[in-house]
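The structure appears right after this line, and notes come after that.
The values are calculated or read from the model by the stated rules, or taken from the named source; none is laboratory data. Quantities reported herein were computed from a predicted structural model and do not represent experimental measurements. Backbone-built Cβ (ideal geometry, glycine too); neighbour counts: all protein chains shown. For accessibility, only protein heavy atoms count, side chains too; no ligands or nucleic acids. Shrake-Rupley method; radii C 1.70, N 1.55, O 1.52, S 1.80 Å.
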Amino acid sequence: MILKLYPKNNRPEDLQRVVDLLNDGGILIYPTDTVYAMGCHALKERPIERICKLKNIDPRKHNLSIICYDLSNISEYAQVSNATFKLMKRNLPGPFTFILNANSRLPKIFRNRKEVGIRVPDHPIIREICRLLDAPILTTTLPLEKGEDIEYITDPELIDEKFGSVTDLIIDGGTGGIEPSTVINCCEDVPEIVREGKGILKE
């Protein structure tokens, strides 16, 4: 099912429908400032397990990432040094994923790796949903098979054709991008860029 949303002036009942779906353990596909992504309520283990199965991810070996509305409550979910917080403040909202040491507030599935990716995308739709949900959203990029047309992860109609039967709602926020976020590992004293993506880090 597709729901068309806009950068602003969305109907409150449409936004509430998305929030209710996440609270009920549903899986969502939505636009970000980089690519379309799949996600769910980050504090509910069952939908996280569903997504890991869908993407063939082993959470014991792969880092999981969450979207937060802003930086104010990141310390609830991860350990953030003053230097890392300043670095994040200079670059967020934006197309970055910061890998931090997770803390015990996140579900058990995160604790296998002891790390979590933090995103605050510069995209009004998903940030507004995150604000209304008042909780982080687990986020992961849509899988693209080798040789498959890129439009299956950028065009909401084709995304629905491919993923509509295995997810609960697809938010149409227009054509998506194809460049993923820049990933910075901040678990050690010196931040390390582990994947170059759309964002250019202001250090």
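With the checklist (1) open to solvent by 20 Å² or more (accessible area, probe 1.4 Å); (2) within 17 Å of the chain's Cα centre (by Cα); (3) over 17 Å from LEU64 (Cα atoms) in hand, flag the one item MET1 doesn't pass.
(2)
Report, by residue number, each residue of the stretch 66-83 that is assigned to a loop (DSSP other than H, G, I, E, B) and either of a type in the set (Lys, Arg) or open to solvent by 70 Å² or more (accessible area, probe 1.4 Å) (or both). Explain how you work it out, then say what you get.
First, pick out the residues of the stretch 66-83 that are assigned to a loop (DSSP other than H, G, I, E, B): 68-73, 77, 80-81.
Passing the criteria: TYR69, SER72.
From the residues in the stretch 87-146 that are among the acidic types (Asp, Glu) and over 24 Å from GLY177 (Cβ atoms), which one is modelled with the highest pLDDT?
Step one: list which residues in the stretch 87-146 are among the acidic types (Asp, Glu), which gives 115, 122, 128, 134, 145.
Then drop every residue that is not over 24 Å from GLY177 (Cβ atoms), which leaves 115, 134.
Working: GLU115: 91, ASP134: 96.
The selected residue is ASP134.
Taking the stated definitions as given, is LYS55 more than 12 Å from the chain's Cα centre (by Cα) and at pLDDT 95 or above? Before the answer, list the steps.
Numbers: more than 12 Å from the chain's Cα centre (by Cα): yes; at pLDDT 95 or above: no.
When the stated conditions are applied, LYS55 does not pass them.
Just need a number here: residues in the stretch 131-170 that are open to solvent by less than 50 Å² (accessible area, probe 1.4 Å) and touching a Pro at 6+ places or on another chain (Cβ under 7 Å).
Adding up the residues that qualify gives 1.
Filter the stretch 89-99 for residues that are surrounded by 13 or more Cβ atoms within 10 Å (Cβ to Cβ) and over 16 Å from the mean Cα position of the chain (by Cα) and give the result.
Here is the first cut: in the stretch 89-99, the ones surrounded by 13 or more Cβ atoms within 10 Å (Cβ to Cβ) are 91-99.
ASN91 - this is the single residue of the stretch 89-99 that is surrounded by 13 or more Cβ atoms within 10 Å (Cβ to Cβ) and over 16 Å from the mean Cα position of the chain (by Cα).
Among residues belonging to the stretch 35-65 that are open to solvent by 10 Å² or more (accessible area, probe 1.4 Å) and among the β-branched types (Val, Ile, Thr), point out the one that is farthest from ARG127 (Cα to Cα).
ILE57
For the stretch 40-62, enumerate the residues that are part of a helix (DSSP H, G or I) and among the acidic types (Asp, Glu).
Let us first name the residues in the stretch 40-62 that are part of a helix (DSSP H, G or I), namely 45-55.
Selection gives GLU45, GLU49.
List the residue pairs whose Cβ atoms are under 8 Å apart, where the first residue sits in the stretch 146-167 and is over 18 Å from CYS40 (Cβ atoms), the second is among the charged types (D, E, K, R) and in a helix (DSSP H, G or I), and the two are 6 or more positions apart or on different chains.
TYR152/GLU161; TYR152/LYS162; LEU158/GLU151
Does ILE29 satisfy being assigned to a strand (DSSP E or B) and over 24 Å from ILE171 (Cβ atoms)?
It is false that ILE29 is assigned to a strand (DSSP E or B) and over 24 Å from ILE171 (Cβ atoms).
Need the failing condition index for ASN112 against (1) out of contact with any helix residue (DSSP H, G or I) (no Cβ under 7 Å at 6 or more places or on another chain); (2) open to solvent by less than 10 Å² (accessible area, probe 1.4 Å), just the number.
(2)
Taking the stretch 179-203, which residues are open to solvent by less than 70 Å² (accessible area, probe 1.4 Å) and either among the polar types (S, T, N, Q) or free of Cβ contacts under 8 Å to residues at least 60 places away in the same chain (or both)?
Keep residues of the stretch 179-203 that are open to solvent by less than 70 Å² (accessible area, probe 1.4 Å), which gives 180-187, 191, 193, 197, 199, 201.
Correct list: SER181, THR182, ASN185, ILE193.
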